[in-house]
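Report on the following structure.
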Amino acid sequence: MEKERNSQPIQCKTEQYEATVSVEEYMEKCVDVPTFLECCKKCGNYEKIWSCPSYDFNPEDYWRKYQTFHIVGMKIYVPEDLLSQTFEEEERNEYMKSIVFPHKKELDDQLWAMEQQTHGSIALSAGSCQNCPPEGCTRPEGKQCRHPERMRYSIESLGGNVGLTVTKYLKQELLWMEEGKLPEYFILVGGLLV
């Protein structure tokens with residue numbers, strides 16, 4: 001019965017937060033490529049998705065091509081009826097995906113539109129690339145990206161500390177799933193480099 005419920009779209013209240021900072025300041029305060037590269041190596045997407053490390057370029061050089069970083073965060077509130085429940089890990093992850101993924105697409109589309117309207121800019125995705133499900137990314141096959149025009153890197157894949165970004169610039173706090181419970185909200189963070 002719960003699985004049926006998971007397959008339905010889950011309506012969530014959202015709030016958006018934005019901040020603009022110089023790339024120089026952001027790099028000084030929030031970018032630590034070696035630390036976050038080590039975190040990326042522990043992820044199942046490492047070297048399996050084109051938007052994830054390892055890269056054939058230096059992430060710090062990528063940041064330095066731009067002057068300004070416009071940060072956009074979306075807070076997604078988990079419906080109250082789900083907050084009081086305890087879930088097994090697999091079911092909790094399914095709920096998380098059904099809550100977060102539609103909003104990730106919404107935020108990525110918004111950032112893509114901002115990029116199209118701002119000459120010389122590039123969007124940074126809220127998390128790893130989701131352009132190719134269900135067929136999956138071509139990287140493990142050694143083939144070129146199917147959608148290079150839409151593939152964008154995330155803040156964390158370029159060494160940015162999203163947790164610090166959320167507290168320092170968006171004045172919010174990240175919450176985590178604990179003891180079988182969903183958090184009160186999730187926060188997705190992307191942005192636009194100009």
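Anisotropy class assigned to segment 99-194 is oblate, per the alpha carbon gyration tensor with a/c at or over the 1.5 cut-off and a/b no larger than b/c.
Mean residue ellipticity at 222 nm, helices only, the chain: -10500 deg cm²/dmol; runs of at least 4 DSSP H residues each add -39,500 (n - 2.57), and the sum is divided by the number of residues.
What percentage of the solvent-accessible surface of segment 59-111, computed with a 1.4 Å probe over protein heavy atoms, is contributed by carbon and sulfur atoms? Result for segment 59-111: 46 percent of the exposed heavy-atom area is carbon or sulfur. Considering only alpha-carbon pairs that sit under 8 angstrom and 6 or more positions apart, the relative contact order computed for the chain is 36 percent. For residue 147 and residue 101, the difference between the fully extended length at 0.36 nm per residue and the C-alpha to C-alpha distance is 14.7 nm.
Residue separation of residue 55 and residue 130 scaled by 0.36 nm, minus their Cα-Cα distance, works out to 25.2 nm of gained length. To the nearest ten degrees, helix 89-117 and the longest principal axis of the Cα atoms of the chain are 40 degrees apart. The label point for residue 164 and the one for residue 13, both projected 7 Å from the Cα toward the Cβ, are 3.2 nm apart.
Cross-linked pairs 29/75; 41/97; 13/104; 65/168; 75/104: Cα-Cα separations exceed 19 Å for 29/75; 41/97; 65/168.
Taking all protein chains into account, the per residue accessible area for the chain stands at 56 Å² (1.4 Å probe). In this label model, residue 117 and residue 177 are separated by 3.4 nm, measuring between points 7 Å along each Cα→Cβ vector.
Reported to the nearest whole Å, the Cα centre-to-centre distance from segment 36-81 to segment 131-194 is 5.
The values are calculated or read from the model by the stated rules, or taken from the named source; none is laboratory data. Please read these numbers as outputs of a predicted model, since none were measured by experiment. Ideal geometry is used to build each Cβ from the backbone, glycine not excepted, and the neighbour counts take in all protein chains shown. SASA here: full protein model, heavy atoms, side chains in, ligands and nucleic acids out. Shrake-Rupley method; radii C 1.70, N 1.55, O 1.52, S 1.80 Å.
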